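Asker: Structure in structure tokens, see below.
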Amino acid sequence: MLPFMNAFRRVPLSPSLSKFVTIPRRGYAQAVQKNEKLLLSLALPYRTVYDKFPVNQVDLPTEDGEMGILKDHVPMVQCLRPGVVSITDESSAVSKYFVSGGFAVQQPSNELSVTAPEAFKLEEFSSSVVSELLDKYRADAASSDEKVAAEASVRVGVLEALSSALK
Amino acid sequence: MAFAWKKNFSYSKYASLCSQTVRQALKPELRSELKGSNNVEFVYAKWKNGTQEPAQTYQSADTNEQK
């Protein structure tokens, strides 16, 4: 028998018609093809930083803590905190991006998909601007207006993570 | 504490606060390149007693520059 004879079946084009069409035979779901290397995709709404780029390790600042993802990691979805994503590529060169948050999804096919609203390399930030903003928002965080104080404390959290990353 | 922002904000508000702060902390030369990319712009009109009031425009770029 020819190898693909069972891959298709004939069904009538319409219930009472004797014309037939061949459609694929339904089978069980296929197991996912696992890639050999960890493929990183880092995307912002307006720019793609990496697109299925083979890497050795990615360090992520998640809400559950700092995580280092290697290849064959268990599939997971993580919410990211504002922090540094550290990418070690195949030549052991390390690239660091400060992300403002977002999500990281590890697929069974060894694809790691990190999406963030903003991500910039650490060299693109200015320590003096960061300390100025910290002073301003720390003052706001002590304000008696709850809404202002809550917003300012979020900003202070982001800036503190940024200033420790820039050291 | 993880997800501490849940007490006060929706995720959408928290995410926009964080991304605004990150953009503010950039070196000044790089900030001008980004000016247009995160602008939200729309036209809206309020309705009162079955009649439409004149349409107004909202541009987030103007408010962002103040921050």
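Asker: Evaluate peptide A:151-161: per residue, the Cβ atoms of other protein chains within 10 Å of its Cβ; return the mean as an integer.
Answerer: Numbers: counts 7, 1, 3, 9, 8, 1, 5, 8, 4, 0, 2.
Neighbouring Cβ atoms belonging to other protein chains average 4 per residue here.
Asker: Name the residue, out of A:87, A:23, A:69, whose mean-square fluctuation peaks in a Gaussian network model built on chain A with Cα pairs under 10 Å.
Answerer: Taking springs between Cα atoms under 10 Å, the residue moving most is A:23.
Asker: On to the next question. Residue-wise, which Karplus ³J(HN,Hα) couplings in Hz belong to region A:102-117, taking 6.51 cos²θ - 1.76 cosθ + 1.60, θ = phi - 60°, and x for glycine or proline?
Answerer: Whole-Hz 3J(HN,Hα) from phi for region A:102-117: x, 9, 10, 10, 9, 8, x, 7, 6, 9, 9, 10, 9, 10, 9, x.
Asker: Between residue A:69 and residues 5 or more places away or on another chain, which pairs have amide H atoms under 5 Å apart, with H built 1.01 Å from N, and which residues are they?
Answerer: A:58, A:59, A:60
Asker: Could you tell me whether the protein assembly as shown comes out rounded, prolate or oblate from its Cα gyration tensor? Rule is a ≥ b ≥ c as square roots of the eigenvalues, rounded for a/c under 1.5, then prolate if a/b exceeds b/c, otherwise oblate. Please report the intermediate quantities before stating the final value.
Answerer: Working: a/c = 2.68, a/b = 1.50, b/c = 1.78.
The shape class here is oblate.
Asker: Please compute the net charge surrounding residue A:57, taking Lys and Arg as +1 and Asp and Glu as -1 over other residues with Cβ under 13 Å from its Cβ. Mind dumping the intermediate values first?
Answerer: Numbers: positive: A:37, A:71, A:96; negative: A:59, A:66, A:72, A:89, A:90.
Net charge around residue A:57: -2.
Asker: Spelling out what I want: for every residue of region A:29-43, take phi, set θ = phi - 60°, compute 6.51 cos²θ - 1.76 cosθ + 1.60 (Karplus), and round to whole Hz; glycine and proline get x.
Answerer: 3J(HN,Hα) across region A:29-43, in whole Hz: 4, 7, 5, 5, 6, 8, 6, 6, 10, 6, 9, 9, 10, 10, 10.
Asker: Within a 10 angstrom radius of each residue's Cβ in A:90-103, how many Cβ atoms of other chains show up on average? Whole number is fine. Before the final figure, lay out the partial values.
Answerer: Numbers: counts 0, 0, 0, 0, 0, 0, 0, 0, 2, 3, 10, 9, 3, 0.
Per residue, the average neighbour count from other chains is 2.
Asker: Using alpha-carbon positions, what is the distance between the centroids of region A:28-68 and region A:91-147, in Å?
Answerer: When both Cα centres are located, 18 Å separates them.
Asker: Given springs between every Cα pair under 10 Å in a Gaussian network model of chain A, which of A:84, A:58, A:154 has the largest fluctuation?
Answerer: For chain A, modelled as a Gaussian network with Cα springs under 10 Å, the answer is A:154.
Asker: Turning to a different aspect of this structure: Which one, A:41, A:100, A:18, has the greatest fluctuation when you compute a Gaussian network model over chain A with C-alpha springs under 10 angstrom?
Answerer: Looking only at A:41, A:100, A:18, the largest GNM fluctuation is found for A:18.
Every read-out reported here was derived from the displayed coordinates using simple, explicitly stated rules and does not represent laboratory data. Keep in mind that what you see is a predicted model, and the values were worked out from it rather than measured. Cβ sites come from the backbone with ideal geometry, for glycine too, and all protein chains shown count toward neighbours.
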